[in-house]
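The values are calculated or read from the model by the stated rules, or taken from the named source; none is laboratory data. Keep in mind that what you see is a predicted model, and the values were worked out from it rather than measured. Because the Cβ atoms are built from the backbone with ideal geometry, glycine has one as well, and the counts that use them run over all protein chains shown. Areas reflect the complete protein model, heavy atoms only, side chains present, ligands, DNA and RNA absent. Shrake-Rupley method; radii C 1.70, N 1.55, O 1.52, S 1.80 Å.
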Protein chains: 2
Amino acid sequence: MSDRAYPIVIGRHCLPRLGRLLKSLAAVRRIVIVSAPPVYRRYGRAILASLNASGFEARVVTVPDGERAKSLRWLSYLYDRLVEARCDRDVTVIALGGGVIGDLAGFAASTYLRGVRVVQVPTTLVAQVDASIGGKTAVNHPNGKNLIGTFHQPALVLADVAVLRTLPTRDLVGGLAEVVKYGVIADPALFQYLERHAPRLLACDLAALERIVVRSAAIKADVVGRDEREGGLRRILNYGHTLGHAVETVTGYRRVHHGEAIAIGMAFAARLGVRLGLCGWNLVERQDGLLRRIGLPARLPQGISTSGLMSSMAHDKKVRGGRLHFVLPRRVGAVVVRAVDTAEVRRALTAFAADRPG
Amino acid sequence: MSDRAYPIVIGRHCLPRLGRLLKSLAAVRRIVIVSAPPVYRRYGRAILASLNASGFEARVVTVPDGERAKSLRWLSYLYDRLVEARCDRDVTVIALGGGVIGDLAGFAASTYLRGVRVVQVPTTLVAQVDASIGGKTAVNHPNGKNLIGTFHQPALVLADVAVLRTLPTRDLVGGLAEVVKYGVIADPALFQYLERHAPRLLACDLAALERIVVRSAAIKADVVGRDEREGGLRRILNYGHTLGHAVETVTGYRRVHHGEAIAIGMAFAARLGVRLGLCGWNLVERQDGLLRRIGLPARLPQGISTSGLMSSMAHDKKVRGGRLHFVLPRRVGAVVVRAVDTAEVRRALTAFAADRPG
């Protein structure tokens, strides 16, 4: 993996360092920035100024904001722009935006001329702690999210936590769900930090944000560095995602945001862990408590049927050989991956659904 | 690279072994065969019988015959069929056909769920000796061939030289151009074998075909095994391709077939090598002689302007930093990669064009 190591630069107000950082990479020449209009309006000028100050010129390509840009259609649009600009293998693609931009631009970069360099500049919390690190790229298929994708490591990740101040609260809160996940799967100290400093984080205290982004990115990089292609260890990153993805699917990716769905999935996974004798009820309570303090749900919302969730999980790509795979906690900081009987999952889910708020 | 080693099975009448070979791979379950109608009509029944005899069931997806299938549109069609069949990560895609099918099915397999297994069953000579080995996949962009692609090694390659008997002569001859290439870049004995046995090969003698396919596949596998991603050594496989691709581009990929274009490209590269003092004129004559014996061109056809070729080469992805890269022979069996001055290339090309048949 050493040949695929790459710098992850995290800081406060560090966006203007982009130009100098690119100069430290070998032979950066032509640059194409891929972004969405709201992000580009906010940070485009600063990014261009930084690039120009280091002697780079860049083209900008924007795609629509939101999940709909992660389509074969907009992918094709990006290819057209790269071809039009006569980009050769020396081109560097900069993904400036949230997870959608990172996934789309990353996929385009991984397949244009069989792979050109991509630099991730994530501007949401979830992209900074999760999506921008690890090399997963994807576009959606009408029948499912991320069905088409590649593994393509970035040459550099630059995460400026100061940009998080402009995020809608709901997006910040959603990103914190992934940070809770890192605490449960790998780091009791991070979990405790979240318990103690939730208010500072929700108030966008930059020192606190920087601390959790650094720690989360380090965990993610460590896990994927030891298992790039999801053969084993990497699957622990799916904690909360088995049910979480199903919740997103049955609600059409609108009503429940990704982080919220993951929070619900973690709340469920902990309960499933108790049922299977892997952990104690105290873990459920402690995790529920933290999720609530952050403003995340720990129960299924009304109007979602357990049968819909079961059938969505059955079609999820985390199914192997027809059994349902779950990441289950043993304690805060340690999880295991288990194939769980469908009947057992259904019983646990029915109990979980019965417990939802009126 | 050892984790990416894969068996390349070459034989006469070995198609019926496919089922048993798949059983030797770990955990093959669902199978999707991607093919084109003419190929599938001829070999589909035998393939299915072989799979069924080993207890496998398979779906079949056909795409139009020819280069036009290598498009984002038909790629999207393949994704739809994979999703429709609810294929999960256990699916094995079998590419049954020539280079177009191998490239398209390989690209789909490399990106569906971020990569599923592909088995290459090449049915043309050029696919057997070149396209099926080495993991390059691609689709075309309206502005250029293979502009979008990945590296994705097959799990198995099964090449039955008996299927070559049904090829149009022009396709067989075109495939032999790649075999000549292997001789020049790596194997004087193979080159000599071609000189001696051209008539047997053109008559589809299976023993002779098997011999050159085995030797060519071994050379290709050896080169890409030592350099999967074209950083250095792999570029020698582009012998004849710098001008060859330009010839294909300016003739719209119709009038001059790929193998013919490569033959013209090799004839030119040898002359450029003489100009640069890398080899003697005797190499030009010997290579021209072999190309003619096989029925391949060693001169530019009428109606192609040198300026069109120059500008096409300038936009080719083999350009790095604006200079033209050529693979040039030192002697039969040894080549070097050189960045050549554009002015020098133009002079050589003008002389080459002046020498064409009336």
Pull out a ≥ b ≥ c, the square roots of the eigenvalues of the alpha-carbon gyration tensor of the range A:50-107, then state rounded if a/c is under 1.5, prolate if not and a/b is larger than b/c, and oblate in the remaining case. oblate
What is the sum of charges around A:Asp103, taking Lys and Arg as +1, Asp and Glu as -1, for the other residues whose C-beta is under 9 Å from the C-beta of A:Asp103? +2
Under the definition of Cα pairs under 8 Å and six or more residues apart, what whole-number percent is the relative contact order of the range B:150-249? 27
Those residues of the range A:148-162 for which accessible area with every protein chain present is at least 10 Å² below the isolated value (1.4 Å probe): A:Ile148, A:Gly149, A:Thr150, A:Phe151
Rounded, prolate or oblate: which fits the range A:13-63 when a ≥ b ≥ c are the square roots of the eigenvalues of the alpha-carbon gyration tensor, with rounded for a/c under 1.5 and prolate only if a/b beats b/c? oblate
Copy-to-copy label separations for A:Val9, where each label sits 7 Å from Cα toward Cβ, in nm and ascending: 5.2
So what are the ³J(HN,Hα) numbers for the range B:88-99, from phi and the Karplus equation (6.51, -1.76, 1.60; θ = phi - 60°), rounded to whole Hz, Gly and Pro as x? 9, 5, 7, 5, 10, 9, 9, 8, 10, x, x, x
Checking buried surface per residue: for the range B:60-99, which residues lose a minimum of 10 Å² accessible area in the protein assembly relative to the chain alone (1.4 Å probe)? B:Leu72, B:Ser76, B:Tyr79, B:Asp80, B:Val83, B:Arg86, B:Asp88, B:Arg89, B:Asp90
For chain B, report the accessible area per residue in Å² (1.4 Å probe, heavy atoms, rounded to an integer). 38
Area hidden from solvent between A and B (accessible, protein heavy atoms only, 1.4 Å, total, Å²): 3100
Can you list the distances in nanometres, one decimal and ascending, from the B:Leu25 label point to the identical position in each other copy, with the point 7 Å along Cα to Cβ? 3.4
Rounded to the nearest Å, the spacing of the alpha-carbon centers of the range B:256-278 and the range B:83-137 is 30
As a check on your grasp of the helix formula, calculate [θ] at 222 nm for chain A: sum -39500 (n - 2.57) over DSSP H runs of n ≥ 4, divide by the residue count, round to the nearest 500. -15000 deg cm²/dmol
How far is B:Ala339 from itself in the other copies, in nm, if each label sits 7 Å out from Cα along the Cα-Cβ line, shortest first? 5.3
Shape of the range A:210-358 from its Cα gyration tensor (a ≥ b ≥ c, root eigenvalues): rounded if a/c is under 1.5, otherwise prolate when a/b > b/c, or oblate? rounded
Equivalent ellipsoid semi-axes for the protein assembly as shown, as square roots of 5 times the alpha carbon gyration tensor eigenvalues: give them largest first, rounded to whole Å. 51, 31, 19
Close lysine pairs (chain B; alpha-carbon distance under 16 Å; 8 or more apart or on separate chains) counted at 9
Find the relative contact order for chain A and round it to a whole percent, using C-alpha pairs within less than 8 Å whose residues are 6+ positions apart. 14
Using alpha-carbon pairs under 8 Å, 6+ residues apart, how would you state the relative contact order of the range B:1-63 in percent? 43
Can you give the local net charge around B:Ile31? Use residues other than it whose beta-carbon is closer than 9 angstrom to its beta-carbon, Lys and Arg +1, Asp and Glu -1. +2
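With a 1.4 Å probe and all protein chains left in place, how much of the accessible area of the protein assembly as shown comes from carbon and sulfur atoms, in whole percent?
Roughly 49 percent, rounded to a whole number.
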Using protein chains only (no ligands, no nucleic acids) and a 1.4 Å probe, work out which residues of the range A:100-121 have their accessible area cut by at least 20 Å² relative to the chain alone. A:Thr111, A:Leu113, A:Arg114
